[in-house]
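These notes concern the structure reproduced below.
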Amino acid sequence: MSRSPAARAPASAHRFIVLEGPIGVGKTSLAIKLAASLGAEQVLEQADQNPFLERFYRNPRAGALPAQLYFLFQRAQQLAALRQHDLFAPVRVADYLLEKDRLFARVTLDDEEFRLYEMVHQRLAVDVAAPDLVVYLQAPVDVLIERINRRGIRYEHYIERAYLEKLNAAYARFFHEYDAAPLLIVNAAAIDPLHNESDYEELLAAIKKMQRGRLYYNPLRHSAL
């Protein structure tokens, strides 16, 4: 966790905002930018610290279980620490829900591995801080592949299209049922909030206004990516 370097007084009623979406959709970069705008603390995944991740991308069958268990422990520990400090909590912006861990596990693990994963997950019994807004960034697989290639992380070039397709479908199913917090569903293929300031300001305004239920944010104007 780290304080945003450009912190200023928050202009949003939300205390804990989570950005979610599949690999390559831009959630981490957007979370960092949003935290700067709101004077918020960043709660970010540390994927580059997972020693099994490259092995998984190279050989999914061999690397899935250790990579997934590492993420589970890492995410649970980080979010449990937030819960312990809730009384003194600043505004926070995160780039993941703990529930996403089980979503990935169901996609990557075979049935026997998933049963083992579930046993470990249940034993952890983590009491995590609940977000008061979730922003779900959607994009088709072609856009995800383009953005993954653009950011140039070496081991990500092993990611297969079929894996992204399964992941995208899993996210769609998950958020179709999701009702644990207000949900803003964003067509992230139609905007480029990281590089287009107008796109960012419009999305920021939508995030600040979001209060309850679910809302689809699908701007008519398309930005060049």
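Readers should treat all values here as calculations from the given coordinates under stated rules, not as data from a laboratory. Keep in mind it's a predicted model, so treat the numbers as computed, not measured. Here the Cβ positions follow ideal geometry from the backbone for every residue, glycine too, while neighbour counts run over all protein chains shown.
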Subject >> Stretchable slack from Val126 to Asn187, in nm (0.36 nm times residue separation minus alpha-carbon distance) >> reply: 18.8 nm
Subject >> Rounded FRET efficiency, nearest 0.05, which uses the C-beta distance separating Ala47 from Asp179 and R0 of 22 Å >> reply: 0.20
Original post:
Put +1 on the Cβ of each Lys and Arg and -1 on the Cβ of each Asp and Glu in the chain; which of Asn196, Phe52, Ala105 then has its Cα farthest toward the positive end of the dipole?
Top reply: Asn196
**OP:** Among Val25, Val93, rank each residue by its count of other Cβ atoms within 10 Å, from fewest to most, as a rough exposure measure.
**Re:** Val25, Val93
Original post:
If you take every DSSP beta bridge whose two residues both sit in the chain, what share of them, in percent to the nearest 5, is antiparallel?
Top reply: 10
Original post:
Can you list residues whose amide H is under 5 Å from Arg214's amide H, if they're 5+ apart or on another chain and H is modeled 1.01 Å from N?
Top reply: Leu183
**OP:** Quick one: compute the contact order of the chain, relative version, from alpha carbon pairs under 8 angstrom and 6+ residues apart, as a percent.
**Re:** 25
**OP:** With a cut-off of at most 15 other beta carbons within 10 Å, and DSSP calling the residue loop, which trypsin sites (Lys or Arg not before Pro) in region 164-225 qualify? Please list them.
**Re:** Arg212, Arg221
Original post:
Could you give the distance between the Cα centres of region 123-148 and region 12-82, to the whole Å?
Top reply: 8
**OP:** Rank these for me by crowding, Arg102, Arg115, going from fewest to most other beta carbons within 10 Å.
**Re:** Arg115, Arg102
**OP:** Tell me the label-point distance for the pair Leu215, Ala169, using the 7 Å Cα-to-Cβ offset, in nm and rounded to one decimal.
**Re:** 3.2
Original post:
Given that compact globular proteins tend to follow 2.2 N^0.38 Å, what is the ratio of the alpha-carbon Rg of region 2-217 to that value?
Top reply: 1.00
Original post:
Once you charge only the Cβ atoms, +1 for Lys and Arg and -1 for Asp and Glu, what is the size of the charge dipole of the chain about its Cα centre, to the nearest 20 debye?
Top reply: 280
Subject >> Highest-first arrangement of 59-68, 105-114, 128-137, 151-160, where packing means the average Cβ count within 10 Å >> reply: 128-137, 59-68, 105-114, 151-160
Original post:
Label points 7 Å out from Cα along the Cβ direction at Arg151 and Glu197: separation in nm?
Top reply: 2.4
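What does the charge count around Ala13 come to, taking other residues whose C-beta lies under 14 Å from its C-beta (Lys +1, Arg +1, Asp -1, Glu -1)?
Once positives and negatives cancel, what remains is +4.
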Subject >> Amide H partners (placed H, <5 Å) of Leu19, local residues excluded >> reply: Ala94, Asp95, Tyr96, Val135
